[in-house]
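Report on one structure; see the data block that follows.
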Amino acid sequence: MRRYNRQQACIVFVLLVWAVSFGFASGGDGVGVPWRRMDPAVRVLLQGMRGGWEGLSADQQQRLQNGARRWLQMTPGERERAQARLHVWQQKSPQAHERIRRQFQQFQALPPAQQQRLRDARRQFMELAPNQRRQLHQRWQQMTPQARRQAQAEIQRWNQLPADQRRRIREGYQKASPEERLRMRRHWQMPSPDAPRK
């Protein structure tokens, strides 16, 4: 019998977090798969679950198998990032876990177009230099609840504009002189990037 090593334990834990915490859609028919009929590579990853496999619901079994298949398709870099995210997850409090689960469920309930806009916004945020992301985060933390609500409303208004119109506005802002940028910020009621924050 093959020994169950630390990496496999980490993999199983990652799969469990994905399957149980976030409740990814199973994509299955609700019928469980007996351990012996499972793909051998998936069985190796889920070896630690063998003893309790039959006690899991068909949906849980399907989600774990789907997660294992995703893991097997990942590149080494993707696996490394998944393990890093797992480490961050383990450091969070149970309250933070619950908040993240709720946010994920709210995200899943959004229409596909809105989900895509949020993914795009996150991608754009992650493309910023680390110091720019830190500055934005600090600005957000210093805002009053009312200012945050107003900013969220403005973001929602911005996101409702057609993509080509947002692109033209961004390009125009980048090409504008400092005086024109000031006028544009006043029109859009945007604070100056270097203005002191209250």
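Filtered by the rule that a residue be in contact (Cβ under 8 Å) with a residue 12 or more places away in the chain and more than 16 Å from Ile155 (Cβ to Cβ), the range 127-143 gives a lone residue, Gln142.
Residue-level analysis places Trp89 outside the set of residues that are among the aromatic types (Phe, Trp, Tyr) and over 30 Å from Gly67 (Cβ atoms).
Filtered by the rule that a residue be in a loop (DSSP other than H, G, I, E, B) and surrounded by 12 or more Cβ atoms within 10 Å (Cβ to Cβ), the range 143-191 gives Met143, Leu161, Ala176, Trp188, Met190, Pro191. Pairing residues of the range 67-83 that are closer than 13 Å to Leu45 by Cα with residues that are among the small types (Gly, Ala, Ser) and surrounded by 15 or more Cβ atoms within 10 Å (Cβ to Cβ), at Cβ distances under 6 Å and at least 6 apart in sequence or on separate chains, gives Gly67/Ala19.
Considering each residue of the range 91-114, count those that are surrounded by fewer than 11 Cβ atoms within 10 Å (Cβ to Cβ) and among the hydrophobic types (A, V, I, L, M, F, W, C), and give that number. I'd like the intermediate steps shown before the answer.
Here is the first cut: in the range 91-114, the residues surrounded by fewer than 11 Cβ atoms within 10 Å (Cβ to Cβ) are 91, 93-95, 102-103, 106, 109, 111-113.
Checking which are among the hydrophobic types (A, V, I, L, M, F, W, C) leaves us with 109, 113.
Selection size over the range 91-114: 2.
Selection of the range 20-76 for residues being β-branched (Val, Ile, Thr) and either closer than 24 Å to Trp89 by Cβ or modelled with pLDDT of 85 or more (or both) yields Val20, Val42, Val44, Thr75. Checked against (1) over 25 Å from the mean Cα position of the chain (by Cα); (2) within 29 Å of Phe104 (Cα to Cα), Leu161 passes all but a single condition, namely (1).
Considering the conditions (1) under 29 Å from Phe107 (Cα atoms); (2) at pLDDT 85 or above, Val14 is excluded by exactly one of them, (2). Taking the criterion of being modelled with pLDDT under 80 and among the charged types (D, E, K, R), the residues of the range 151-188 that qualify are Arg181, Arg185, Arg186.
The values are calculated or read from the model by the stated rules, or taken from the named source; none is laboratory data. Treat the numbers as computed from the prediction; the structure is a model and nothing was measured. All Cβ positions, glycine included, derive from the backbone under ideal geometry; neighbour counts span all protein chains shown.
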